[in-house]
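Inspection log for the structure reproduced underneath, given as C-alpha cells.
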Amino acid sequence: MRFLYYNIYRNNGVDEIYISFVDTRITGNVILPSSYNGMNITKIGSSAFENCCFITGVKLPDTIKVIDYRGFYGCTLLEEI
C-alpha cells in the first residue's frame, strides 16, 4: 500500500521533490526517504501529514529544508520529529 505521495516543484531553477500528501492510515514511527526517483526530497508540503492521527514519530532526512504551513497539523499522537 502506498502511504506517501510526491510532487515536483521548481526551486531557483532546479526541480525538487516534496511530500504532498500522506495517507491518514499510516501508523507508528515514520522514516522518510531522502530521495525519490533520484531526486532529493526537500520539503514537507502544506498539510501533508494533516490528521495522521496514528503516527508517533517522524525521522526527517537531512535533505528536508522546509516544513510548510500545517505540515503536521492534527497529528495528535506525534511525540517526536
For the chain, with every protein chain kept in place, what is the accessible area per residue (1.4 Å probe, Å²)? 62
With no solvent and one point on each alpha carbon, what is the Debye value of log10 I(q)/I(0) for the chain at q = 0.18, 0.25, 0.27 Å⁻¹? -0.68, -1.27, -1.45
Within-12-Å neighbourhood charge of TYR69 [Cβ basis; K, R +1; D, E -1]: 0
Whenever you get a sec, compute what percent of the accessible area on the chain sits on carbon and sulfur atoms (1.4 Å probe). 49
Within the stretch 10-81, DSSP-loop trypsin sites (Lys or Arg not before Pro) with at most 11 other C-beta atoms within 10 Å are ARG25
Which residue, GLY57, GLY45, GLY13, has the most motion in a Gaussian network model of the chain that connects Cα atoms within less than 10 Å? GLY13
Please compute the net charge surrounding TYR6, taking Lys and Arg as +1 and Asp and Glu as -1 over other residues with Cβ under 11 Å from its Cβ. +1
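The values are calculated or read from the model by the stated rules, or taken from the named source; none is laboratory data. These figures come from a predicted structure and were not determined experimentally. Cβ atoms come from the backbone with ideal geometry, glycine included; neighbour counts cover every protein chain shown. Side chains are part of the model used for accessible areas, which takes the heavy atoms of the whole protein and leaves out ligands, DNA and RNA. Shrake-Rupley method; radii C 1.70, N 1.55, O 1.52, S 1.80 Å.
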